[in-house]
Amino acid sequence: MMNKILYTFICVCFVLGLSAQERYFDERYTYTQAYLYPVVVNPGATGFDESQVIFNYRNKWSTYPGTPKTLTLSYNGELGNRLGFGALLLSDSNGALETTKGQLSFSYTIDSKVNKLGFGLSTEFIQHSLDNISSVTDLSDQIILDRLDGNGFFDVSFGLYGEYNNEFKYGITLPALISSKLDDSNNGGSDGRELGVIIHLAYAYDMKESDITLEPSIFVKKLMFVPTHVDLNLRAGFLEDKLHAGLTYQVGAESRLGFLIGTAIKNLNLYYSYNVSSHEFQQYNNGSHDLTVKINLARDPDPMLNIPMGEK
């Protein structure tokens with residue numbers, strides 16, 4: 001009985017929030033492993049390294065009915081001449097709320113002897129709608145009827161991502177820098193909207209004597225309709241980065257603690273993370289689970305590079 005009451009309360013809060021704000025959260029908030037693949041939150045990282053395909057599944061507050069589940073599939077790689085291209089699809093279910101996102105990103109990278117810097121823009125289509133309506137829902141409510149048709153938005157985001165001396169990593173993202181609601185109401189849907197920002201700093205330290213790499217990082221996130229919060233991360237790599245372990249602590253928002261394990265098998269990378277929150281709601285669920293599969297699409301080596309000079 002208590003679970004049903006809590007579930008109903010959560011759905012009502014989400015519907016009221018959607019009614020008042022049109023959009024109920026910034027989709028970048030869902031990623032807890034962004035320190036491993038910043039391209040999912042920062043278009044400046046598009047095509048920064050070798051081409052890769054990323055699949056991520058997140059089950060937040062698992063075992064509790066109707067809680068958020070997110071699927072993401074993305075690709076990014078080089079187009080040549082310092083240009084990068086990326087594409088991303090996201091599907092998120094959160095109680096009765098459904099979110100679909102499609103994104104295309106483009107970047108330009110400047111590479112010097114000690115610094116590599118990428119500038120990126122992404123164009124995004126986001127659709128919010130209601131689905132799986134409870135039998136107790138009042139379908140005569142005009143707000144609910146309007147949300148069944150869904151709200152569509154078109155966004156443009158900007159990102160900058162760089163690496164200095166292959167050790168210091170930095171990035172800044174301005175999500176939904178331009179946002180327009182795809183109908184005639186609310187003058188484009190941007191009234192009262194606050195500018196968001198994600199700031200990312202990391203340092204990679206190679207302990208060569210022990211074959212261990214350490215990378216502490218910090219993400220500061222101020223996002224649309226999400227409490228400002230800070231992610232403190234530590235990733236460790238072992239056996240030439242074939243094995244990974246990590247810790248994350250979030251200050252603000254959920255105030256959560258998480259750990260990560262992962263492995264790299266040639267071009268295939270597998271990551272799993274588990275997070276628990278300090279909020280009272282944690283006693284009603286089994287924590288949050290993330291699973292990521294990353295495939296590096298390494299280019300075939302140029303056969304001419306393997307031919308002795310005298311045989312060319």
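The values are calculated or read from the model by the stated rules, or taken from the named source; none is laboratory data. Because the structure is a prediction, the values reported are computed rather than measured. Note: ideal-geometry Cβ built from the backbone for every residue, glycine included; neighbour counts use all protein chains shown.
Count of region 290-299 residues, restricted to those that are surrounded by fewer than 16 Cβ atoms within 10 Å (Cβ to Cβ), within 20 Å of residue 56 (Cβ to Cβ) and either among the basic types (Lys, Arg) or at pLDDT 95 or above (or both), is 3.
Considering 236, 245, the condition of being at pLDDT 95 or above, surrounded by 15 or more Cβ atoms within 10 Å (Cβ to Cβ) and over 18 Å from the mean Cα position of the chain (by Cα) is satisfied by 236 alone.
Just a yes or no: is a residue in region 5-28 at pLDDT 95 or above, β-branched (Val, Ile, Thr), touching a helix residue (DSSP H, G or I) at 6+ places or on another chain (Cβ under 9 Å) and within 27 Å of residue 151 (Cβ to Cβ)? No, region 5-28 has no match at all. Taken together, the residues in region 157-209 that are out of contact with any Asp or Glu (no Cβ under 7 Å at 6 or more places or on another chain), under 23 Å from residue 229 (Cα atoms) and at pLDDT 80 or above amount to 18. In region 191-203, the count of residues that are buried (at least 17 other Cβ atoms within 10 Å of the Cβ) and out of contact with any Phe, Trp or Tyr (no Cβ under 8 Å at 6 or more places or on another chain) is one or more.
Collect the residues in region 35-54 that are farther than 21 Å from residue 259 by Cβ and assigned to a strand (DSSP E or B), keeping them in residue-number order. Once the filter is applied, which keeps residues that are farther than 21 Å from residue 259 by Cβ and assigned to a strand (DSSP E or B), region 35-54 yields 52, 53.
Number of residues in region 55-72 that are among the basic types (Lys, Arg) and in a strand (DSSP E or B) equals 2.
Strands (runs of 3 or more DSSP E) fully within region 204-246 that include at least 3 residues being within 18 Å of residue 264 (Cβ to Cβ) and touching a residue at least 12 places away in the same chain (Cβ under 8 Å): 212-223, 226-238.
So which of 63, 70, 99, 46 is among the polar types (S, T, N, Q) and at positive phi?
One residue alone meets the criteria, 63.
For region 86-105, which positions are surrounded by 18 or more Cβ atoms within 10 Å (Cβ to Cβ) and assigned to a strand (DSSP E or B)? 86, 88, 90, 92, 94, 97, 99, 101, 103, 105 - these are the residues of region 86-105 that are surrounded by 18 or more Cβ atoms within 10 Å (Cβ to Cβ) and assigned to a strand (DSSP E or B). Considered as a group, the residues in region 21-74 that are aromatic (Phe, Trp, Tyr) and in contact with a Lys or Arg (Cβ under 9 Å, 6 or more places away or on another chain) include one that is farthest from residue 272 (Cα to Cα), and that residue is 48.
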